[in-house]
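Remarks on the structure that follows.
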Amino acid sequence: MPFGRYSVQAQVGIGGMGTVYRGTQLSLGRPVAIKVLRVSDGYDFAFEDRFRREARAMATLNHPNIVAIYDYGHLGADFLFFVMEFVDGTDLGEIMRLNRMTPELALQLLPQICSGLEYAHLKGIVHRDIKPANIMLTRQGEVKITDFGLAKDVAHGASVATETHMVMGTPEYAAPEQFNAHRDVDHRADIYALGVLMYQMLTGALPRGSWQAPSVLRPGLDARIDGIVIRALMHDRQHRYQSLGDMRRAIEAALVPVVQTPSRPLQMPKASAGRILLLEDDLMVRDLLRRALEKASFEVVETGDGRDTLRLYQEAMVQGRPYDLAILDLTIPDGMCGRETMLHLRRLDPQILAIVSSGYRDDPVMQDSAAYGFAGALPKPYQVEGLLQIVNGALAVGRRRAV
């Protein structure tokens, strides 16, 4: 290892993508995991390229449910290495091997897995090898997704492995399209793999052949879970969940007990206060916004990039269910920002009602939002009262405009 930077204590794992050691970053005194690959061992399978790609892919990701990478480089001419966050725990494969996985534990962990992968997808990274060994669990119960060695950066085209027509991924968890060397693989392959993993975590078996619904194998399991697994495992990716956010919300909804009160008269669902299209790339901020708006009876559709926002807005217009309001994040480093998105939306709908949001209060768009076609500006950080006041004020403007 580079002189004076790291010490190595013990080997903790070995596999097709290299050997992992427990070590210490001497300058900070913190524990680290050090992954090492002998270059000559991987020539036949482009391991060196995949190793570099894992380091670069993980370096772009900063999320509590994804293992963080700290360093990367060569060890002479024979070895490659990268240094990453040390996870004090074990992987899901070991937990299942020891029969310690329960449906209750599975349903606690699955939203975390969804959240980590959802973030990676928003950054343009598709994992392509989701399986139990690549999902770590800390002693505190926190999920850590690792081993992005087969990851594909969809923003920069196909990976080397795809170009050489290799079938990438672990067969038991690979989506049908991963077996077609001439078909592009996108984020929905991870959704399929997570469906397989979800089934295995809940039932202890893999969904092979004519498999039975999870609630059949696990009596007492909420039948709503069956529908989630079935949709994630659809052969045609167009019929699967189209985002991990949708799948996560379905799992979270299934965790809410169904309260049956047959003695009380049925209540009509509360009328929607309006349909809002929300563009926000920060998952935490977006989740807070969504929760606040939904609590106020708004129907919210989320996106993390301006291009998806344009598509959803246009689809809603075609379907005759237009959005009442759009909230557009001004700054999106890895996608189309709110200002550019607004330019395109105004061409689609000159009467669009939208609010711009940003933490940069001195930005010209925030200073004079009306000059850029916005009905209001929503500064970050958000207060629920202020958020609702600005949203309701913009909707009132829209109603007056309609009259």
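Computed from the coordinates by the stated procedures, all read-outs in this text should not be read as laboratory data. Everything numeric in this text was worked out from a predicted model, so none of it was measured. No Cβ is skipped: glycine too gets one built from the backbone with ideal geometry, and neighbour counts run over all protein chains shown.
Things worth noting here:
- Relative contact order computed over the range 89-254 (Cα-Cα under 8 Å; 6+ residues apart), in percent: 24
- Annotation: extensible slack from E299 through D236 equals 19.9 nm (criterion: 0.36 nm per residue apart, minus Cα-Cα distance).
- Taking the fewest neighbouring Cβ atoms within 10 Å as the starting point, the ordered list for M201, M234 is M234, M201.
- Projected onto their three principal axes, the Cα atoms of the range 89-254 cover extents of 45, 35, 27 Å, largest first.
- Rounded to the nearest 20, the Cβ-based charge dipole of the chain about its Cα centre (Lys and Arg +1, Asp and Glu -1) stands at 860 debye.
- For the residue pairs K123/K295; K123/K380; K144/K295, alpha carbon separations beyond 24 Å are given by K123/K295; K144/K295.
- Most mobile of Q11, Q389, Q319 in a GNM of the chain (Cα contacts under 10 Å): Q319
- Cα-centred dipole magnitude for the range 187-247, charges only on beta-carbon of K, R (+1) and D, E (-1), debye, nearest 20: 80
- Scanning residues 5 or more positions from V32 or on other chains, those with amide H under 5 Å from its amide H are G23, T24, Q25, with H placed 1.01 Å from N in the peptide plane.
- With a simple spin-label model that places each label point 7 Å from the Cα along the Cα-to-Cβ direction, the separation between S27 and T60 comes to 2.5 nm.
- 36 Å tail of the calculated P(r), the chain, as % of Cα pairs: 35
- Across V143, V39, V126, mean-square fluctuation computed from a Gaussian network of the chain (C-alpha pairs under 10 Å connected) peaks at V39.
- Length added when fully stretched, S210-A77, from 0.36 nm per residue minus Cα-Cα: 42.9 nm
- Spatially, the range 86-128 and the range 335-403 are offset by 37 Å when compared through their Cα centroids.
- Net charge of neighbours whose Cβ lies under 11 Å from the Cβ of A133, counting Lys and Arg as +1 and Asp and Glu as -1: -2
- Note on M317 and E172: the extension gain reaches 48.1 nm, defined as 0.36 nm multiplied by sequence separation minus the Cα-Cα distance.
- The range 274-402 - Debye-derived log10 I(q)/I(0), Cα point model, q = 0.14, 0.17 Å⁻¹: -0.53, -0.81
- Here is what passes the span test in the chain: the DSSP H helices with alpha carbon length of 24 Å or more along the helix axis and a Kyte-Doolittle mean of 0.5 or above are 103-122.
- Among V256, V229, the order by Cβ neighbours within 10 angstrom, fewest to most, reads V256, V229.
- Max mean-square fluctuation residue, GNM over the chain, Cα-Cα springs under 10 Å, options K295, K35, K131: K295
- Computed per residue of the chain from DSSP H runs no shorter than four, each worth -39500 (n - 2.57), the mean residue ellipticity at 222 nm is -10500 deg cm²/dmol.
- Longest to shortest principal axis, alpha-carbon extents of the range 332-403, angstrom: 38, 31, 19
- DSSP beta bridges in the chain [antiparallel fraction, %, rounded to 5]: 65
- Separation in nanometres of the label points that stand 7 Å from Cα toward Cβ, at R401 and E142: 4.4
- Proximity of backbone amide H atoms, modeled 1.01 Å from N, is registered between D71 and V83 at under 5 Å, excluding neighbours fewer than 5 places apart on the same chain.
- For K131, the aspartates and glutamates whose Cα falls under 13 Å of its own Cα, not counting residues fewer than eight places away in the same chain, are D91, E94, D147, E172, D190.
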